[in-house]
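Q: This is the structure I want to talk about, given as structure tokens.
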Amino acid sequence: RRSSIVHSRSSIGTPLTHTDFDVRINTDNQNMSALSDIQQAIDSADPYRRQGTTYLHIKDARNSTERTENPTGAVVVPISLATTFQQATPGLGTAQDDPNSFGIGYEYSRTGNPTRGAFERALAASEKAKHAICFASGSAATSAVIHLLQHGDHVLSVDDVYGGTQRYFRRIVSPNMGIGVDFADFSDPSALPIQPSTKMLWLETPTNPTLRISDISAISAVAKEKGCLLAVDNTFCSPYFQTPIEMGCDLVVHSITKYIGGHSDVVMGVVCTNRDDLYERLRFIQNGIGAVPSPFDCFLAHRGLKTLHVRMEAAARNAHAIALFLENHKGVRRVIYPGLPSHPQHSLAKKQQHGFGAMVTFYCVGGRAQSAIILENLQTFALAESLGAVESLAECPSLMTHASVPDQERQKLGIEDTLIRLSIGIESCHDLVEDLERALNEALKTVV
């Protein structure tokens, strides 16, 4: 007699045991082998650590309801393009009971928008945070975090940081805002050059582009001891592979443009936090400065978030295989990928992350001419800036994303002209490897 499992909504989110199955399978055929097969099938069907439901259905610490009450019954969040909202009483926002308005209601779309609010709640849940505040770009999100500081404060940033971030720190924050900025190696948390005026530590892990890993928990402990905020740019890992809030950091920043959006069609950023005081200040900054994303962009990025777990697993599998291939190609001097045992912080990555990500960096044999030949001969990879999308991208950081970093600093960090950064997508791994092999072989022909 065929077994039938009776699904109940209350069972979702709770691991199934043989006792549970005994209740749900017809009791006249107690077949322990069948129970084991069913459990194995369920486990193999979900290699995503049960994250898919989190990304697909909105729940947060403020409200346990899955979806906002919607009279249309739409299963996706509607795009609300309205710039202003009718009020029943002067000064009283409309729909204050809508969880996407965070209890404030709606009055003007810069201040609050239903489509954006739904996405912010989904992002907070994905980062295991209480709050998320969206901005028009990752750079705008970074700027909002810096606006938490005051004239005379000091920021200590990891030295190997996104080129746009270091440019903003060096050329805008430091000279124009009266906030000191220094850059340091964060590999030894106990040796960080923290000053009395240091109010914020800024960390990327893995770093961009050399993929160095820093110990978030240890640095968080140092930050708390010194009375500093710890902000972590989690863009390279995405919430799927790393959740810094759970390791004690105060603020998590993402360029949603990258893995969360995932399709190279949205520019956006977000700041996540568990602290109510920081949330209130960031919400004020969001409204006061006005660097908010459009409702349509929020819709697109929210749709991207729903497949984050599937995309990250597929891209990471490709990245691991490509890293192994590159490590054994005679046209490559060195490969940097946290998933390889040769990576200096491989053990830390295993401990801290849920996976190794889909960014691969390598140094080619030869010089600038050879790296250019490789990049110009790629056909499946696109020669382009950015990262984290379904399509694979390749670039030369010294000439592209990190060209604004002073030459001396680039050399110190190892950002040479032979350094190539790959953002691995979800194409056929066979095609990606063949593309790289062809381009590497063309470059090798020119090496004397």
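Q: Give the shape of the stretch 145-240 as rounded, prolate or oblate, defined through the alpha-carbon gyration tensor: a ≥ b ≥ c are the square roots of its eigenvalues, a/c under 1.5 means rounded, and otherwise the shape is prolate if a/b is larger than b/c and oblate if not.
A: Details: a/c = 1.74, a/b = 1.20, b/c = 1.45.
It is oblate, given that a/c is not under 1.5 and a/b is not larger than b/c.
Q: At 0.36 nm per residue, minus the direct Cα-Cα distance, what do residue 342 and residue 76 gain on full extension? Give it in nm, one decimal, please.
A: So the chain would gain 91.3 nm between residue 342 and residue 76.
Q: When the accessible area of the stretch 249-290 is split by element with a 1.4 Å probe, what percent falls to carbon and sulfur?
A: Working: 770 of 1440 Å².
Whole-percent figure for carbon plus sulfur exposure: 54.
Q: Moving on. Helix-only estimate, please: 222 nm mean residue ellipticity of the chain, summing -39500 (n - 2.57) across DSSP H runs of length 4 or more and dividing by its residues, to the nearest 500.
A: Working: 16 runs with 158 residues, N = 448.
Using -39500 (n - 2.57) per qualifying helix, the result is -10500 deg cm²/dmol.
Q: Moving on. Per residue, what accessible area does the chain have, given a 1.4 Å probe and all protein chains present, in Å²?
A: On the way: 19860 Å² over 448 residues.
Counting only protein heavy atoms, the per-residue value for the chain is 44 Å².
Q: For residue 400 paired with residue 171, estimate the spin-label separation in nm (one decimal), with each label point 7 Å from Cα along the Cα-to-Cβ line.
A: Reported label-point gap for residue 400 and residue 171 is 1.9 nm.
Q: Considering the values (i) 23.6; (ii) 27.4; (iii) 22.9, which represents Kirkwood radius over Cα pairs in Å as calculated for the structure under consideration?
A: (i)
Q: Report the net charge of residues surrounding residue 393, where surrounding means a beta-carbon distance below 10 angstrom and charges are Lys +1, Arg +1, Asp -1, Glu -1.
A: Neighbourhood net charge equals -2.
Q: Need one word for the stretch 204-297: rounded, prolate or oblate. Basis is the Cα gyration tensor (sqrt eigenvalues a ≥ b ≥ c); a/c below 1.5 gives rounded, then a/b vs b/c decides.
A: Values: a/c = 2.48, a/b = 1.20, b/c = 2.07.
Cα axes put the stretch 204-297 in the oblate bin.
Q: So if a site counts as exposed when it's one of the trypsin sites (Lys or Arg not before Pro), its DSSP state isn't H, G, I, E or B, and it has at most 10 other Cβ atoms within 10 Å, what's the longest stretch of the chain without one? Can you show the working numbers first?
A: Details: sites that count: 1, 2, 330, 445.
Answer from the scan: 3-329.
Q: If a/c stays under 1.5 just call it rounded; otherwise compare a/b with b/c (prolate if a/b is bigger, oblate if not). Do that for the stretch 221-275, with a ≥ b ≥ c from the square roots of the Cα gyration tensor eigenvalues. Provide the component values of the computation, followed by the final result.
A: Values: a/c = 3.25, a/b = 2.37, b/c = 1.37.
Since a/c reaches 1.5 and a/b is larger than b/c, the shape of the stretch 221-275 is classed as prolate.
Q: Only bridges whose two residues both fall in the chain count here: according to DSSP, what percent of them are antiparallel, nearest 5? Please report the intermediate quantities before stating the final value.
A: Details: 23 of 42 bridges.
Roughly 55 percent of the DSSP beta bridges within the chain come out antiparallel.
Q: With a Förster radius of 25 Å, plug the Cβ-Cβ distance of residue 428 and residue 45 into 1/(1 + (r/R0)^6) and report the FRET value to the nearest 0.05.
A: Numbers: r = 23 Å, r/R0 = 0.91.
Using R0 = 25 Å, I get an efficiency of 0.65.
Q: If you stretched the chain out fully between residue 36 and residue 277, how much longer would it get, using 0.36 nm times the residue separation minus the C-alpha to C-alpha distance? Present the calculation step by step, with values, prior to reporting the outcome.
A: Numbers: separation 241, 0.36 × 241 = 86.76 nm, distance 4.86 nm.
So the chain would gain 81.9 nm between residue 36 and residue 277.
Q: If you don't mind, there's one more thing I want to ask. Mind scanning 128/351; 258/306; 306/350 and naming the pairs with a C-alpha gap bigger than 22 Å? Don't skip to the end; give the middle numbers.
A: Values: 128/351 18 Å; 258/306 14 Å; 306/350 25 Å.
Beyond 22 Å: 306/350.
Q: If one computes the Cα centroid of the stretch 285-335 and of the stretch 168-214, what distance in Å separates the two points?
A: Computed from Cα coordinates, the inter-centre distance equals 24 Å.
Q: Give me the distance in nm between label points sitting 7 Å out from Cα along the Cα-to-Cβ direction at residue 384 and residue 296, one decimal.
A: 1.9
Q: Continuing with this model, one more query. Using Cα pairs under 8 angstrom and six or more residues apart, how large is the relative contact order of the chain, in percent?
A: Details: 828 pairs, mean separation 63.5, N = 448.
Reported relative contact order: 14 percent.
Q: Next up: Would you mind calculating the gained length between residue 94 and residue 391 on full extension (0.36 nm times residue separation, minus the Cα-Cα distance), in nm to one decimal? Before the final figure, lay out the partial values.
A: Values: separation 297, 0.36 × 297 = 106.92 nm, distance 4.15 nm.
Once the chain is fully extended between residue 94 and residue 391, it gains 102.8 nm.
The values are calculated or read from the model by the stated rules, or taken from the named source; none is laboratory data. Predicted model, so just to flag it, every value in this text is computed and none were measured. Here Cβ is always computed from backbone atoms with ideal geometry, including for glycine, and neighbour counts include all displayed protein chains. For accessibility, only protein heavy atoms count, side chains too; no ligands or nucleic acids. Shrake-Rupley method; radii C 1.70, N 1.55, O 1.52, S 1.80 Å.
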